[in-house]
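The structure's right below; bear with me while I get my questions together.
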Ligand SMILES: Nc1ncnc2c1ncn2[C@@H]1O[C@H](COP(=O)(O)OP(=O)(O)O)[C@@H](O)[C@H]1O
Ligand SMILES: [Mg+2]
């Protein structure tokens, strides 16, 4: 078994022939939280999309392993079944499908992939109750259509709820903080923190330091122009907050 939970090596990817990721290297061990920061357009969402298998992007070289599993060889669904979870910057609405039914389908699809029998209705309801508590999600929200008419904060909370139910090995939160007020931010961060354990890991993608007051990263990376140009501890995020991104641009671009 691999010691690493995620190992990304010299990953190059792009869209319509335009290269966006230009050699990303990243290693994550179980139990760790990594923050990826960087100016707009630096490739943060592309990186998460490529790991999740978003078909818009083409991987041109490099590798990405989740434990011993070659992520790039799998469909997006199978990546999810293997334990990858991506929280989107803009969650989709699915009218006519209740959260409960959506989650039951997701849970049972994963169980089928793993060769397990579907969960009984009683066990599933118990699981829902237990996980709702993690994100302080009330029952009414769970019986509504997926994200339909949800506020920004409700959508995000709902996503953390999905994460809680699916118990992923690696969760990627892409700008989960954008558009959240401070109360919603606290609830979302509280959920993420409660789900942390020694067997899973989280990548928190954020433009601002604010979320990292609530979700403490072990490592902070700066992605710029498709490469990780700096890595450090939590102090790197504070340094960015203070100095902005200009020094990174100057250092890399030599301007
Ligand atoms: N669907 C797309 N079509 C064309 N270019 C794209 C598309 N998505 C992203 N890009 C380009 O890729 C680069 C990185 O974007 P993105 O990964 O969204 O950055 P970030 O999340 O760091 O703001 C940007 O230059 C952006 O314009
Ligand atoms: Mg983005």
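Quick note: the coordinates plus some simple rules give every number you see, no bench work behind them. Predicted, not measured: the structure shown is a model, and the values here were computed from it.
Which of 169, 140, 112 moves most in a GNM of the chain, Cα contacts under 10 Å?
With Cα springs under 10 Å in the chain, the top fluctuation among 169, 140, 112 is at 140.
Taking springs between alpha-carbon atoms closer than 10 angstrom, which of 67, 31, 149 fluctuates most in the Gaussian network model of the chain?
Among 67, 31, 149, the largest GNM mean-square fluctuation belongs to 149.
How high is the relative contact order of segment 37-185? Use alpha-carbon pairs under 8 Å, at least six apart in sequence, and give a whole percent. Could you put the intermediate results ahead of the total?
Working: 158 pairs, mean separation 45.8, N = 149.
Here the relative contact order equals 31 percent.
Ok, one more. In whole percent, what relative contact order does the chain give with Cα contacts below 8 Å and a gap of six or more residues?
Relative contact order for the chain comes out at 27 percent.
So how tilted is helix 152-166 from the main axis of the chain? Cα-based, degrees 0 to 90, rounded to 10.
70
Give the angle, between 0 and 90 degrees and rounded to the nearest 10, that separates the Cα long axis of helix 121-134 from the longest principal axis of the Cα atoms of the chain.
So the helix axis and the longest Cα principal axis differ by about 40 degrees.
Report for the chain the percent antiparallel among DSSP-assigned beta bridges with both residues inside it, nearest 5.
Numbers: 24 of 41 bridges.
In the chain, DSSP labels about 60 percent of beta bridges as antiparallel.
Let me ask you something else. Between rounded, prolate and oblate, where does segment 70-211 land on the alpha carbon gyration tensor, with a ≥ b ≥ c its root eigenvalues, rounded for a/c under 1.5, else prolate if a/b exceeds b/c? Spell out each step's value before the answer.
Values: a/c = 1.57, a/b = 1.17, b/c = 1.34.
Oblate is the answer for segment 70-211, as a/c is 1.5 or above yet b/c matches or exceeds a/b.
Specify the angular offset, from 0 to 90 degrees and rounded to the nearest 10, of the alpha carbon long axis of helix 99-113 from the longest principal axis of the alpha carbons in the chain.
80
Shifting gears a bit: Over what distance in Å are the Cα centres of segment 238-255 and segment 107-179 separated?
Going from one Cα centre to the other spans 38 Å.
Assuming a ≥ b ≥ c are the square roots of the Cα gyration tensor eigenvalues, decide whether segment 167-243 counts as rounded (a/c under 1.5), prolate (otherwise, with a/b larger than b/c) or oblate. Write down the numbers at each step before the final one.
On the way: a/c = 1.76, a/b = 1.25, b/c = 1.41.
Verdict is oblate for segment 167-243.
Nearest-5 percent of antiparallel DSSP beta bridges in segment 75-212?
Working: 2 of 11 bridges.
The antiparallel proportion sits near 20 percent.
Now, a different point. Please build a GNM for the chain, connecting alpha carbons under 10 Å apart, and tell me which residue among 220, 135, 97 fluctuates the most.
Result: 97 has the largest fluctuation of those listed.
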